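Asks: I have a structure here, written as structure tokens, and I will follow up with some questions on it.
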Amino acid sequence: MIKQDIEIYEEVIIAGFGGQGVILAGKLLAQTGMTRGLEVTYMPSYGAEVRGGTANSMVVIADELIASPLVTQPHALIVLNGASFKKFVPRLKSGGLLILNSSMVEDNPQRDDIETVAVPADHIALELGSPKSTNMVALGAYLQKRGQIDPDLAAQCLSDVLAPRHHKTIPVNQQAIQQGVNFVKNMIPGSS
């Protein structure tokens, strides 16, 4: 795939507890970036307990070589639970983007130097009949808000990151990505 002449350098952390699909969301973001022809690093981190423990994915996407996969101060943060909110929001760079699962996190970031988009991701996923698709709703919101990678491309890449036994979930995950996109498109200006 041919690179486009857009300057991109984005460090992202996707964080939540084990079982929320933060590892899958990070893997999908990385795969989508690679499919688009960008340079990508992906570093998952699992808590000791895995399901129910903490988990996060660090993804760096750039149109030039990446020096390190380690993300200490992300440009963007996707937070799916309260513990991750407390841990990672202080690390978000000034001017950064916070995608917040408002179904699980009621806290306010208390920072006026970042943009916060509160997405009721669990609620949207439940409406789709797929509570495990919260991660895809949040990822769709991030992709739409940033505008650097086409959410439709992410939806197409699902088959590349999901094990074949989970391919039956591709349609609902694609819908979840689209619902995240739609949520951001329909936000009232100034409400984020």
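Asks: Would you mind estimating how fast region 91-192 diffuses translationally, via Stokes-Einstein at 25 °C and 0.890 mPa s with the Kirkwood radius over Cα pairs, in µm²/s? Write out the running numbers ahead of the final one.
Replies: Details: Rh = 14.1 Å.
For the chosen part, D equals 174 µm²/s.
Asks: Now, a different point. Quick one: net charge around ILE99, please, counting Lys, Arg +1 and Asp, Glu -1 for every other residue with C-beta under 10 Å from its C-beta. Spell out each step's value before the answer.
Replies: Numbers: positive: LYS145, ARG146; negative: GLU115.
So the surrounding residues net to +1.
Asks: Hey, rough spin-label estimate for GLU7 and ILE170, points 7 angstrom out along Cα→Cβ, what's it come to in nanometres?
Replies: Result for the modelled spin labels: 3.8 nm.
Asks: Sticking with this structure for a sec: What is region 9-185's relative contact order, in percent, from Cα pairs under 8 angstrom and six or more apart in sequence?
Replies: Values: 388 pairs, mean separation 37.2, N = 177.
Once normalised by length, the contact order is 21 percent.
Asks: Going by the alpha-carbon gyration tensor, a ≥ b ≥ c the square roots of its eigenvalues, is region 15-155 rounded (a/c under 1.5) or, if a/c is not under 1.5, prolate (a/b greater than b/c) versus oblate? Could the numbers behind the result be given before it?
Replies: On the way: a/c = 1.32, a/b = 1.19, b/c = 1.11.
Here region 15-155 falls in the rounded category.
Asks: A further question on this structure: Counting only residues 5 or more places away or on other chains, whose amide H sits under 5 Å from the amide H of SER102 once H atoms are built in the peptide plane?
Replies: VAL119, ALA121
Asks: Residue by residue through region 26-38, what is 3J(HN,Hα) from phi via Karplus (6.51 cos²θ - 1.76 cosθ + 1.60, θ = phi - 60°)? Round to whole Hz and write x for glycine and proline.
Replies: Calculated HN-Hα couplings, in order: x, 4, 5, 4, 5, 4, 5, x, 5, 4, 6, x, 8 Hz.
Asks: Per residue of region 8-20, what does 6.51 cos²θ - 1.76 cosθ + 1.60 with θ = phi - 60° give for ³J(HN,Hα)? Whole Hz please, x for Gly and Pro, Karplus curve as stated.
Replies: Per-residue couplings from phi come out as 10, 8, 10, 9, 10, 10, 10, 9, x, 9, x, x, 8 Hz.
Asks: Within the chain, what is the longest stretch that has no GluC sites (Glu not before Pro) placed in a DSSP loop and near at most 13 other beta-carbon atoms within 10 Å? Before the final figure, lay out the partial values.
Replies: On the way: sites that count: GLU7, GLU49, GLU64, GLU106.
In the chain, the maximal stretch lacking such sites is 107-192.
None of the figures in this text is laboratory data; all of them are computed from the coordinates on show. Note that the structure is a prediction, hence the values are computed from the model and not measured. Heads up, the Cβs are rebuilt from the backbone with ideal geometry, glycines too, and the neighbour counts pull from every protein chain shown.
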